[in-house]
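This report concerns only the one structure given below.
The values are calculated or read from the model by the stated rules, or taken from the named source; none is laboratory data. Not measured: the values here are computed from a predicted model. Virtual Cβ from ideal backbone geometry, glycine too; neighbours counted across all protein chains shown. We work out accessible area using only protein heavy atoms, side chains counted, and drop any ligands, DNA or RNA first. Shrake-Rupley method; radii C 1.70, N 1.55, O 1.52, S 1.80 Å.
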Amino acid sequence: MPLDINAIFDTHAKSLALGSQRIGVLAANIANADTPNYKARDIDFKAAMRDAGPEPVRMRGTQPGHFGVGDREQTEVLYRIPDQPSEDGNTVDAQRESAAVAETALRYQASLSFLNMRIRGLKLAITGSR
Amino acid sequence: MSLLNIFDVTGSAMAAQTVRMNTTASNLANAETTASSPEEAYRARNPVFQTVYRSAFDDASAGVRVTGILPNDTEPQRVYKPGDAMADDDGYVYLSNVNVVDELVNMISASRSYQSSVEVLNTSKELLMRTLSLGQ
């Protein structure tokens, strides 16, 4: 079986990129928690990881204006539906944002741990238990 | 690199909340200021926050900016105090229009928002440091 190093790191590398993008969006929400008319945004982590899977589903483009599914560089940023809209038009919920940051940080660290383990395993295979 | 942008975003939020704390401090300091005409009376000032995007292509990292500091246009209260040094010819002084309760609420809100930003900053710093030590 040929060793494909890209395949070993691919999923977790994508998870790291997605995680850092999501924390960026959440940081913008928290920064604008007191800005009138700011609408909170987020990315759908699960759907984005599904899109970033090893074999992304490709749609056939028959017209020049057709978009592909897997060729997005940046994941789409969506607007959050507020539980409790405030009077000034701001839809940021500080508790929800903090919880999402904590969750994303945990996912990020989990991916880092997996990557570290894989790197350690590869090193062990290369050096032969030295 | 998205994690590095977070430092700009949270930094702008912390700066904006600091401006808000500053206006609150000067409002509270001037809550008892008297004047001899409504024009001279101290008026509470409040910062106006606005979202600022880093670039047209990256609408995810949106910081915040203080676009101006506007005075509160509530009319100052007129009180009869003939003994006051600032009293006008009829013995009236004009108090500042600072609402102490509003200011205290503003202060708590600003300090909580600042804390949230610091927390996000610390989290992303830790993630960056861990990413840097990947594979060691």
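Here are a few things to note about the model shown:
- Test: residue in the stretch B:25-41 that is open to solvent by less than 50 Å² (accessible area, probe 1.4 Å), part of a helix (DSSP H, G or I), touching a residue at least 60 places away in the same chain (Cβ under 8 Å) and at the interface with chain A (Cβ under 9 Å from one of its Cβ atoms): no
- So residue B:67, is it more than 12 Å from every other protein chain (Cβ to nearest Cβ) and of a type outside the set (A, V, I, L, M, F, W, C): no
Let's see how each residue does on (1) within 16 Å of residue B:8 (Cα to Cα); (2) open to solvent by 80 Å² or more (accessible area, probe 1.4 Å); (3) of a type in the set (A, V, I, L, M):
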position: B:64; (1), (2), (3): yes, no, yes
position: B:84; (1), (2), (3): no, no, no
position: B:92; (1), (2), (3): no, no, no
position: B:103; (1), (2), (3): no, no, no
position: B:125; (1), (2), (3): yes, yes, no
position: B:133; (1), (2), (3): no, no, no
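- Residue in the stretch A:31-53 that is open to solvent by 70 Å² or more (accessible area, probe 1.4 Å), touching a helix residue (DSSP H, G or I) at 6+ places or on another chain (Cβ under 7 Å), at pLDDT below 80 and within 28 Å of residue A:119 (Cβ to Cβ) present: no
- Positions within the stretch B:99-136 being more than 10 Å from chain A (Cβ to nearest Cβ) and in contact with a helix residue (DSSP H, G or I) (Cβ under 6 Å, 6 or more places away or on another chain), in sequence order: B:103, B:107, B:114
- With respect to (1) under 22 Å from residue B:20 (Cα atoms); (2) in contact (Cβ under 8 Å) with a residue 12 or more places away in the chain, the lone exception for residue B:124 is condition (1).
- Flag if residue B:108 is farther than 30 Å from residue A:22 by Cα, modelled with pLDDT of 90 or more and open to solvent by 40 Å² or more (accessible area, probe 1.4 Å): no
- Residue match in the stretch B:2-9 (condition: away from chain A (no Cβ under 14 Å), modelled with pLDDT under 90 and surrounded by fewer than 16 Cβ atoms within 10 Å (Cβ to Cβ)): no
- Candidates B:22, B:46: the one that is part of a strand (DSSP E or B) and either more than 14 Å from chain A (Cβ to nearest Cβ) or surrounded by 17 or more Cβ atoms within 10 Å (Cβ to Cβ) (or both) is B:46.
- Scan of the stretch A:78-99 for residues that are under 11 Å from residue A:26 (Cα atoms), within 11 Å of chain B (Cβ to nearest Cβ) and open to solvent by 10 Å² or more (accessible area, probe 1.4 Å), ordered by number: A:92, A:94, A:98
- First in the stretch A:1-21 and buried (at least 16 other Cβ atoms within 10 Å of the Cβ), second anywhere and at pLDDT below 75 and of a type in the set (Ser, Thr, Tyr), Cβ under 8 Å, 6 or more apart: A:17/B:2; A:18/A:75; A:20/B:2; A:21/A:75; A:21/B:2
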